[in-house]
Each structure stands twice: as structure tokens, then as C-alpha cells.
Amino acid sequence: MNVLLNGALGKMGNEVKEAIKKQEELKIVCGFDREENLTGEFPIYSNLEKIKEKIDVIIDFSVPVATFKILEYAKEKHIPIVIATTGFTEEELNKIKEYSKELPIFRSSNMSLDINLMAKLVQKIAKVLKDSDIEIIETHHNRKIDSPSGTAILLADSINQVFNNEKTYNFERMQKREKRDKNEIGFSSIRGGNIVGEHTVKFFSENETLEIKHTSYSRQVFAEGAIKAARFIVEQKDGVYDMNDIV
């Protein structure tokens, strides 16, 4: 498969590049980013109109504004796309759904298989511990822009399905001078150093606490997940797909 890598000059772009080198049936034929570089391992364009290569699938690790640029290109050419970018607003997620009416889109806030299994686990726990106070703590490197992480939202959304999406999300507890609302899911974000990603979901009962924790030690897990997603999405019809479809 010929791959177009969106966000080719970023940290995750480099991870995907290294992971694809180990694959016999995948090849990055070009990239797209803010800065053009036509003399590297593959051409990186800053203007989509310059792309002449035949592309089978797009892998996107960028920022939302760049995602929508490449989505427009993907729609025009009807190229399946894997969106691994995070930090979308609700309105932007709805726009992605609109694009999916015209092309196959795989989107996940976290490309790790283990994280998506964790989402299933915390959902099952929430069904049993319905009266517990639920808090999500996430830790990332000091360069991460969005907060809370897309993965933290993914975990919360999985839990909230148990409660018919009636739980509220509290991102700013320090702004309120009041006791904890029983119907909320609280979020805490920590930024520092070079931590790839750490997510903990805590269920607080009256006399005990249960927590589920996942730690990523390398960005390679996300690159490998994106490759799995790319293999999957090229076989699908128009629509939105996620890690649950692979799990």
C-alpha cells in the first residue's frame, strides 16, 4: 500500500516512518506538512496540489486544522484515511462524520490496542460500581497541547455509555467552591518531562478504591496501531470506524 503521511515532520510522523520501514507491504510515498522537503527519503509537500503520487491510504498524526486540510484532499480523491490526531471540538467531530459519508475514515483518540481494551474494562466496572465516584488522571510530556487528553475523554465516554451519557465532565474543579457532584466524572491533567502517556481511572467507594492504569513506554505502540488501522480501513466502505471494530 502506498501511504501519504500527514504531519510527516512531527514526532509521531517519525515514529510511523520507522514502523513502516519494517513492513513489507507498506511504503510511504509522500508526506504533507507546513514545511516542504523534496530531498529526503520521500517528498514532503506543503501544497496539496503538488502531490502526484498514487496513494492508497492516508495516515494523519497532526493537528486539527491540518487534519481538515487533508480530509478535503481525501474526499476529493476518495482515499481512505486514518485519523490519529486528537484535540477536536464537538463541532469538528461532527464535521468528520459528515466527511465519512463520502469516504472511509478510521478515527481513534488512541491507537493503542491495550487502551481500547482498558476502555472496555472500565465500562464493565462502571456497570457494577454505579454508585462510586469516578476520576480520571492523565499524565503526558510537557509539549502536549490539548488537555485533557483525547484518551481521557475516550475512557470517560466509554464509562458514560453505562449511564446513558447523563454523567457530566468536570475539567475545572478549582473554579468551583462546592463539594463534588455525585453525577460527575472528574479529570486531572499533569504535564512534565518526556512521559509518553499514562492514564488512570479510579472508582471511589465508601471504604475502598479500585483503579485501572495504563502506561505507554514508547510512541511505537501508536504507530503500530495506526498501521493496523490502515490495513483495516482500505477494505471498508464509506463511514467512521474505530478501534472497537478491530478489537
For residues that are within 23 Å of Asn14 (Cα to Cα) and in a strand (DSSP E or B), tally how many sit in segment 205-247. 2
So, in segment 186-204, of the ones that are assigned to a loop (DSSP other than H, G, I, E, B) and in contact with a strand residue (DSSP E or B) (Cβ under 8 Å, 6 or more places away or on another chain), which residue ends up most open to solvent (accessible area, probe 1.4 Å)? Ile195
Kindly provide the set of residues from segment 201-220 that are under 19 Å from Val122 (Cβ atoms) and at pLDDT below 95, ordered by number. Ser216
What are the pairs, 6+ residues apart or on separate chains, where a residue within segment 134-158 that is without any contact (Cβ under 8 Å) to a residue 40 or more places away in the chain has its Cβ under 9 Å from a residue that is open to solvent by less than 40 Å² (accessible area, probe 1.4 Å) and of a type in the set (D, E, K, R)? Ala156/Lys167
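Kindly indicate which of Asn116, Asn94 is at pLDDT 95 or above and part of a helix (DSSP H, G or I). So that I can check it myself, show each step before the final result.
Numbers: Asn116 fails: at pLDDT 95 or above.
Checking each option against the conditions leaves just Asn94.
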Verdict on Thr139 being open to solvent by 30 Å² or more (accessible area, probe 1.4 Å) and touching an Asp or Glu at 6+ places or on another chain (Cβ under 7 Å): no
Sort out which residues of segment 70-88 are open to solvent by 10 Å² or more (accessible area, probe 1.4 Å) and either without any contact (Cβ under 8 Å) to a residue 24 or more places away in the chain or in a helix (DSSP H, G or I) (or both), and write them in order of number. Glu72, Tyr73, Lys75, Glu76, Lys77
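The values are calculated or read from the model by the stated rules, or taken from the named source; none is laboratory data. Everything numeric in this text was worked out from a predicted model, so none of it was measured. When we count neighbours, we look across all protein chains shown, and the Cβ atoms used for this are built from the backbone with ideal geometry, even at glycine. Remember, those area values only see protein heavy atoms, side chains included, never the ligands or the DNA or RNA. Shrake-Rupley method; radii C 1.70, N 1.55, O 1.52, S 1.80 Å.
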